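Accompanying notes for the structure given below.
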Amino acid sequence: MSTAWVRSTDAEARRVWPSVLRWQRDNRNLFGAAVLTAAGYYLGAKAGLALTFPPLPVSVLWPPNAILLAALLLVPARHWWALLAAVFPVHLVAELQGGVPLSMVLCWFVSNASEALIGAACVRALMQDAHPFETLRGVTAFIVFAAALAPFLSSFLDAAFVLLNAWGESSYWAVWQARFLADALATLTLAPLSVTWCHRP
């Protein structure tokens, strides 16, 4: 075995090994984030279902979307698919346990995910990887896009899904208004707390 070959192999190992360690660390962190997000989403969905009062088919406070939004703000955009994949099964379980028809459950996942994605994408586009609650610009972006625009837009979709599935007896606009207010309130109260807590030293 030549000395040159040994030196070449050793140099290659020194170059590759940090990348392997970084990949392992990132995947461990991603797995942990996915598990925590799924657990929070499930508990939030159970709480939201408990706060749903007839005749409205939507909750007066819906935490899961705020929890998913906070998680999306905390991880790189390339990993968002993993968080969505993690919360999908717990979304199914929580709402099916609550007596919601499967078609409505699937539709609600689309509207929930769309809200979190709209809010996170807009805030991330303006703030890049900066902490959104450390500057006035970040707080303003969060309020305007995540707490107002995202629930505003996704509530049109949500109310349409409720009407399409004939779930509940409320009108389209009653569902839209209740859902918008419930999600905006949850986003304003839960997402900043979650993001700030995870960014603590």
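The values are calculated or read from the model by the stated rules, or taken from the named source; none is laboratory data. Keep in mind the model is a prediction, meaning the values are calculated, not measured. Cβ sites come from the backbone with ideal geometry, for glycine too, and all protein chains shown count toward neighbours. The accessibility values were calculated without ligands, DNA or RNA, using every heavy atom of the protein model including side chains. Shrake-Rupley method; radii C 1.70, N 1.55, O 1.52, S 1.80 Å.
To keep it simple, each residue is scored yes or no on (1) in a helix (DSSP H, G or I); (2) charged (D, E, K, R); (3) at pLDDT 95 or above.
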site: P57; (1), (2), (3): no, no, no
site: L68; (1), (2), (3): yes, no, yes
site: L73; (1), (2), (3): yes, no, no
site: L84; (1), (2), (3): yes, no, yes
site: P89; (1), (2), (3): yes, no, yes
site: L92; (1), (2), (3): yes, no, yes
Completion exercise
Just one listed residue, out of A39, A47, is of a type in the set (G, A, S), within 18 Å of A113 (Cβ to Cβ) and either open to solvent by 20 Å² or more (accessible area, probe 1.4 Å) or modelled with pLDDT of 90 or more (or both), and it is A39
Exercise for the section: May I ask you to verify whether F180 is within 18 Å of the chain's Cα centre (by Cα), in a helix (DSSP H, G or I) and touching a residue at least 24 places away in the same chain (Cβ under 8 Å)? Expected result: yes
Exercise for the section: Would you check if there is a residue in segment 156-167 being β-branched (V, I, T) and assigned to a helix (DSSP H, G or I)? Expected result: yes
Problem - Test for L164: is it surrounded by fewer than 23 Cβ atoms within 10 Å (Cβ to Cβ), aliphatic (A, V, I, L, M) and farther than 24 Å from L69 by Cα - result: yes
Problem - Looking only at segment 123-139, and only at residues there that are open to solvent by less than 40 Å² (accessible area, probe 1.4 Å) and in contact (Cβ under 8 Å) with a residue 24 or more places away in the chain, the one that is nearest to L153 (Cα to Cα) - result: V123
